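*Asks:* So that we are looking at the same thing, I have put the structure below in structure tokens.
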Amino acid sequence: MRWPKGLTGLCYGGDYNPEQWPAEVWPADVELMRRARVNLVTVGVFAWSRLEPQPGRYDFDWLDRVLDLLYDGGIRVALATPTASPPPWFSLRHPDALPVTADGTRLSHGSRDTYCASAPAYRAAARGIAGALADRYRDHPALALWHVHNEYGTTCHCEHVAVAFRAWLRARYGDLDRLAEAWTGSFWSQHYSDWEQIRPPRATRYLGNPGHLLDFRRFVSDELLGAYVEQRDLLRAATPDVPVTTNHVLGGWVPVDHARWAAEVDLVAIDHYPAEAGPGAEEQTALAADLARSWARRGERLRRTARAGQVGATGDIGLAGQGGRGGAVEPAGVDGSGGPAWLLMESAPNLILTPGRMHAKEPGRMIRHSLAHVARGSRGAMFFQWRASRGGAEVFHSALVPHAGPDSRAFREAVSLGRVLDRLAEVDAGTVRAPVAIAWDAASRWALQSTVLPSGQLDYLAEVSAAHRALSRAGHTVDFVAEDDDLLGYALLVLPALYLLPDRYAARIHDYVAAGGHLLVSYFSGIADEHARVRTGGYPGALREVLGVRVEEFHPLDPATRLPLSDGTTGRLWAETVRLTGATPSVSYAGGLLDGEPALTRHDHGDGVAWYLSTRLDVDAYRDLLARVAEAAGAAPTCPTAPAGVEAVRRGTAERSWLFLLNHSAEAQTVPVCGVDLLTGDYADPVRLPAGGCAVLRETADADPGRRSDA
Ligand code: GAL
């Protein structure tokens, strides 16, 4: 079975909201979709009030017609359950299912995402509409994928949540003494003597308890996952051969541990809207796509392990999955095609909703961004939305068919993308392999959002992005790993601001280095245990031994401060008093309080090497450092001859490979590699890319191996 079911080639399409338009528009939509070669659309994602206008009274006639029309037009459907936007009747009838903010305000309907996932009435209504859709459409031939909900992410602080939170805490800690220990209850008189005293973290007079806040984030992720699983299971029971997923949004406010959810979706789906308009957008795109691919790989591995009977529920896995050095273990796709399935479920064709001012994508950028996702393993490129709305909250959000209609630059580009994706169908067989990995940890991200840390400038995503950017600019494709992922397959592992480090994760990192792995750790990693309690005896407690250093003091810096370093680069944001306990200094602070003290250290540990970086380097210096460290670790860039500004990513099978070359720069570029460019059908040697241009080379063994970029 291919996922989504019944589709060949890459997926192309987006959210289709026919309920916003008179029925006469629908056949025209299908005709335009055919013209653009759209093959998959998400339908019904915000249509609850139209599907169930009154409690238990369904109106499916319009959806029947839409699905028939789409199927007749050769277009498959990701059928959504509309549970992200309950209808007004529901909220009026069940005010207790409206979410409550941390300051105690109960929100009203009138927007979307206005639900409490712990409210029994909401859960029952969600099951009701999902079940009704499953009954009605289980045999519809257009049905290719179930798209549950939209971007799970609502956090609520109501009494229903309090009940569920307590149950979650009881399961985690068993008794209140253990809870008090985990939350450091002795600080500020926070010993609970009865479970009933525990609340979701509401607004407090002064700083809240970091342990309480962190566990609440973990709980919300699990609670939302429970709501998803409930729908998924009833959909699966009705249609065992139709995959089920939900689309993830990636913002810092999102209370979802995506890596943990990965085992529960059949296909990891992300929505991606880069916040930056400049070149940072390409870097954000690469980061998001690498995360999605890594979650998909992880999910696939966890499912395999679970099927083999080695593990229990999500996340409660042992240390299975260690593979041999020389390439991360890559499970084949469940459907027998290239790597584990993930899909860019939403992106913006043009204008992106950003506060204050929307930014437009230049011509060609939409296609380039789509290819950047496909290069990293996405099973296609999908958009929000098909046809621009003529009213409503997102009236000026871009669409494949803009307000101007099909006679527009935007629609012509949509048609071009359809042609491009058609030509790229064969790459779906290919898997992306990365020799280097960065640790990603949702709990560390949440913990770093705490307001009690030494610097308000420390931002987890910024730290991870800086490492990812540095490695990308050094020409590497990057995987992300979680605590229980295979580490041994990577030549280099980078831990940026991995603040929380449980014992067993620390032990795996030691083993990784001892077995020959190369490790680079940056400041504020390994500081605390999983309960955000600091490990005493010198930072970074959990990694002192492997790094051969002991940090006595932090020196958070004023944002304007630059600390000169002995190699001519500068440090900023953060500095530390680092004592050597086995490591050798590689670069030192030069001048000021820390004059002569180590800033970057190296420690040979077992068969591997562990680097410690105690300050934030500027972009180029970080790139140069990681390029050197990766090279010493034996990791080769994807295409060493690609000039700066050209992104190179490879997908491959045992027999052949495809090299994506994306010129993000404003100049024409030449890359001295050769192969058949799938976009033009011509053999290229070398590849000449206009400004903003792309090429996708089929690198076959007969295509002059001497010129292959990886030869
Ligand atoms: C997504 C959401 C879509 C639409 C889009 C606008 O996060 O899933 O429904 O709101 O943002 O950018």
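*Asks:* For ALA372, are the conditions met, namely being more than 16 Å from the ligand (Cβ to nearest atom) and either at pLDDT below 95 or hydroxyl-bearing (Ser, Thr, Tyr) (or both)?
*Replies:* Values: more than 16 Å from the ligand (Cβ to nearest atom): yes; either at pLDDT below 95 or hydroxyl-bearing (Ser, Thr, Tyr) (or both): no.
When the stated conditions are applied, ALA372 does not pass them.
*Asks:* As an exercise: evaluate VAL25 against (1) away from the ligand (no atom under 16 Å from the Cβ); (2) of a type in the set (Val, Ile, Thr); (3) surrounded by 18 or more Cβ atoms within 10 Å (Cβ to Cβ) and give the number of the one condition it does not meet.
*Replies:* Of everything listed in (1) away from the ligand (no atom under 16 Å from the Cβ); (2) of a type in the set (Val, Ile, Thr); (3) surrounded by 18 or more Cβ atoms within 10 Å (Cβ to Cβ), VAL25 misses just condition (3).
*Asks:* Condition (residue is of a type in the set (Gly, Ala, Ser), within 30 Å of GLN385 (Cβ to Cβ) and outside the structural domain of LEU371 (by TED's automatic domain parsing)) applied to segment 444-459: is it met by at least one residue?
*Replies:* Quick first cut of segment 444-459, residues of a type in the set (Gly, Ala, Ser) only: 444, 447, 450, 455-456.
Still in the running and within 30 Å of GLN385 (Cβ to Cβ): none.
Scanning segment 444-459 turns up no residue that is of a type in the set (Gly, Ala, Ser), within 30 Å of GLN385 (Cβ to Cβ) and outside the structural domain of LEU371 (by TED's automatic domain parsing).
*Asks:* Further question on the same structure: If I filter segment 28-81 down to residues being more than 19 Å from LEU235 (Cβ to Cβ) and among the basic types (Lys, Arg), which single residue comes out as surrounded by the fewest Cβ atoms within 10 Å (Cβ to Cβ)?
*Replies:* ARG57
*Asks:* Can you tell me how many residues in segment 245-284 are surrounded by fewer than 24 Cβ atoms within 10 Å (Cβ to Cβ) and either among the polar types (S, T, N, Q) or within 23 Å of PRO120 (Cβ to Cβ) (or both)?
*Replies:* 4
*Asks:* Pick from LEU488, LEU501, LEU471, LEU495: which is closer than 20 Å to PRO255 by Cα and either out of contact with any helix residue (DSSP H, G or I) (no Cβ under 8 Å at 6 or more places or on another chain) or not assigned by TED's automatic domain parsing to the domain that holds ARG297 (or both)?
*Replies:* On the way: LEU488 fails: closer than 20 Å to PRO255 by Cα; LEU471 fails: closer than 20 Å to PRO255 by Cα; LEU495 fails: closer than 20 Å to PRO255 by Cα.
Selected residue: LEU501, the only one of LEU488, LEU501, LEU471, LEU495 that is closer than 20 Å to PRO255 by Cα and either out of contact with any helix residue (DSSP H, G or I) (no Cβ under 8 Å at 6 or more places or on another chain) or not assigned by TED's automatic domain parsing to the domain that holds ARG297 (or both).
*Asks:* From the list ARG562, ARG533, ARG504, ARG469, which residue is surrounded by fewer than 18 Cβ atoms within 10 Å (Cβ to Cβ) and under 23 Å from HIS258 (Cβ atoms)?
*Replies:* Values: ARG562 fails: under 23 Å from HIS258 (Cβ atoms); ARG533 fails: under 23 Å from HIS258 (Cβ atoms); ARG469 fails: surrounded by fewer than 18 Cβ atoms within 10 Å (Cβ to Cβ).
From the options ARG562, ARG533, ARG504, ARG469, the qualifying one is ARG504.
*Asks:* Exactly one of (1) among the hydrophobic types (A, V, I, L, M, F, W, C); (2) surrounded by 15 or more Cβ atoms within 10 Å (Cβ to Cβ); (3) under 30 Å from ARG76 (Cβ atoms) is unmet by PHE216. Its number?
*Replies:* Going through (1) among the hydrophobic types (A, V, I, L, M, F, W, C); (2) surrounded by 15 or more Cβ atoms within 10 Å (Cβ to Cβ); (3) under 30 Å from ARG76 (Cβ atoms) one by one, PHE216 breaks only (3).
*Asks:* Let me ask another. Right, VAL427: surrounded by fewer than 19 Cβ atoms within 10 Å (Cβ to Cβ), more than 16 Å from the ligand (Cβ to nearest atom) and not small (Gly, Ala, Ser) or not?
*Replies:* Working: surrounded by fewer than 19 Cβ atoms within 10 Å (Cβ to Cβ): no; more than 16 Å from the ligand (Cβ to nearest atom): yes; not small (Gly, Ala, Ser): yes.
Spelling it out, it is not the case that VAL427 is surrounded by fewer than 19 Cβ atoms within 10 Å (Cβ to Cβ), more than 16 Å from the ligand (Cβ to nearest atom) and not small (Gly, Ala, Ser).
*Asks:* Looking only at segment 275-305, which residues are assigned to a loop (DSSP other than H, G, I, E, B), touching a residue at least 12 places away in the same chain (Cβ under 8 Å) and either under 18 Å from ALA470 (Cα atoms) or of a type in the set (D, E, K, R) (or both)? Show your work before the answer.
*Replies:* First, pick out the residues of segment 275-305 that are assigned to a loop (DSSP other than H, G, I, E, B): 275-279.
Filter again for touching a residue at least 12 places away in the same chain (Cβ under 8 Å), leaving 275, 277, 279.
Residue satisfying the conditions is PRO279 alone.
*Asks:* Right, something else. Take GLU19 and decide whether it is over 18 Å from VAL242 (Cβ atoms) and within 16 Å of the ligand (Cβ to nearest atom). Quick ask: steps written out before the conclusion?
*Replies:* On the way: over 18 Å from VAL242 (Cβ atoms): yes; within 16 Å of the ligand (Cβ to nearest atom): yes.
Yes; evaluated as a whole, the condition is true for this residue.
*Asks:* How many residues are charged (D, E, K, R) and more than 27 Å from GLY692 (Cβ to Cβ) when one looks only at segment 625-652?
*Replies:* Narrowing segment 625-652 to residues charged (D, E, K, R): 628, 631, 647, 650-651.
The next check asks that each one be more than 27 Å from GLY692 (Cβ to Cβ); those that pass are 628, 631.
Adding up the residues that qualify gives 2.
*Asks:* For residues that are in a loop (DSSP other than H, G, I, E, B) and either outside the structural domain of ASP15 (by TED's automatic domain parsing) or more than 11 Å from the ligand (Cβ to nearest atom) (or both), scanning just segment 379-403, find the one that is surrounded by the fewest Cβ atoms within 10 Å (Cβ to Cβ).
*Replies:* The initial filter retains those residues of segment 379-403 that are in a loop (DSSP other than H, G, I, E, B), namely 384-386, 388-400, 402-403.
If we keep only those that are either outside the structural domain of ASP15 (by TED's automatic domain parsing) or more than 11 Å from the ligand (Cβ to nearest atom) (or both) as well, we get 386, 388, 390-391, 395, 400, 402-403.
Values: TRP386: 25, ALA388: 22, ARG390: 9, GLY391: 7, VAL395: 10, LEU400: 30, PRO402: 18, HIS403: 14.
Selected residue: GLY391.
*Asks:* In segment 28-49, how many are assigned to a helix (DSSP H, G or I) and either away from the ligand (no atom under 16 Å from the Cβ) or modelled with pLDDT under 95 (or both)?
*Replies:* Of the residues in segment 28-49, the ones assigned to a helix (DSSP H, G or I) are 28-36, 48-49.
When the remaining residues are screened for being either away from the ligand (no atom under 16 Å from the Cβ) or modelled with pLDDT under 95 (or both), the result is 28-36.
Result for segment 28-49: 9.
*Asks:* For segment 664-692, how many residues are in contact (Cβ under 8 Å) with a residue 40 or more places away in the chain and more than 22 Å from ASP428 (Cβ to Cβ)? Before the answer, list the steps.
*Replies:* Within segment 664-692, the first condition is being in contact (Cβ under 8 Å) with a residue 40 or more places away in the chain, and the residues that meet it are 664, 678-679, 681, 689, 692.
Checking the rest, the ones that are also more than 22 Å from ASP428 (Cβ to Cβ) come to 664, 689, 692.
Of the residues in segment 664-692, 3 are in contact (Cβ under 8 Å) with a residue 40 or more places away in the chain and more than 22 Å from ASP428 (Cβ to Cβ).
*Asks:* Hey, can you tell me all the residues within segment 368-389 that are polar (S, T, N, Q) and either more than 16 Å from the chain's Cα centre (by Cα) or under 17 Å from PHE46 (Cα atoms) (or both)? So that I can check it myself, show each step before the final result.
*Replies:* Step one: of segment 368-389, the residues polar (S, T, N, Q) are 370, 378, 385, 389.
Across segment 368-389, the qualifying residues are GLN385, SER389.
*Asks:* Then there's this: Is it the case that segment 105-122 has a residue that's of a type in the set (Lys, Arg), under 30 Å from VAL220 (Cβ atoms) and outside any helix (DSSP H, G or I)? Please lay out each step first, then the result.
*Replies:* Step one: of segment 105-122, the residues of a type in the set (Lys, Arg) are 106, 112.
From the residues that got through so far, the ones that are under 30 Å from VAL220 (Cβ atoms) too are 106, 112.
Imposing the further condition that a residue be outside any helix (DSSP H, G or I) reduces the set to 106, 112.
Taking every residue of segment 105-122 in turn, at least one turns out to be of a type in the set (Lys, Arg), under 30 Å from VAL220 (Cβ atoms) and outside any helix (DSSP H, G or I).
*Asks:* Evaluate the following for PRO210: is it more than 16 Å from the ligand (Cβ to nearest atom), crowded, with 20+ Cβ neighbours inside 10 Å, under 30 Å from ALA162 (Cβ atoms) and not polar (S, T, N, Q)?
*Replies:* Numbers: more than 16 Å from the ligand (Cβ to nearest atom): yes; crowded, with 20+ Cβ neighbours inside 10 Å: yes; under 30 Å from ALA162 (Cβ atoms): yes; not polar (S, T, N, Q): yes.
Here the answer is yes, as PRO210 does meet what is asked.
*Asks:* Separate question: Cβ-Cβ under 6 Å, sequence separation 6+ or interchain: first residue in segment 1-18 and at pLDDT 90 or above, partner more than 16 Å from the ligand (Cβ to nearest atom) and among the β-branched types (Val, Ile, Thr). Which pairs?
*Replies:* As it stands, the answer is TYR12/VAL38; GLY13/VAL38; PRO18/VAL66, since those pairs meet every condition given.
*Asks:* Taking into account only those residues within segment 357-378 that are in contact (Cβ under 8 Å) with a residue 12 or more places away in the chain, of a type outside the set (A, V, I, L, M) and surrounded by fewer than 23 Cβ atoms within 10 Å (Cβ to Cβ), which is farthest from VAL420 (Cα to Cα)?
*Replies:* HIS359
*Asks:* Okay, next question. Being outside any loop (DSSP other than H, G, I, E, B) and within 16 Å of the ligand (Cβ to nearest atom) is the filter; apply it to segment 243-260 and report the residue that is farthest from LEU133 (Cα to Cα).
*Replies:* HIS258
The values are calculated or read from the model by the stated rules, or taken from the named source; none is laboratory data. Model, not experiment: these values are computed from the prediction. So basically every Cβ, Gly included, is an ideal-geometry build from the backbone, and we count neighbours across all protein chains shown.
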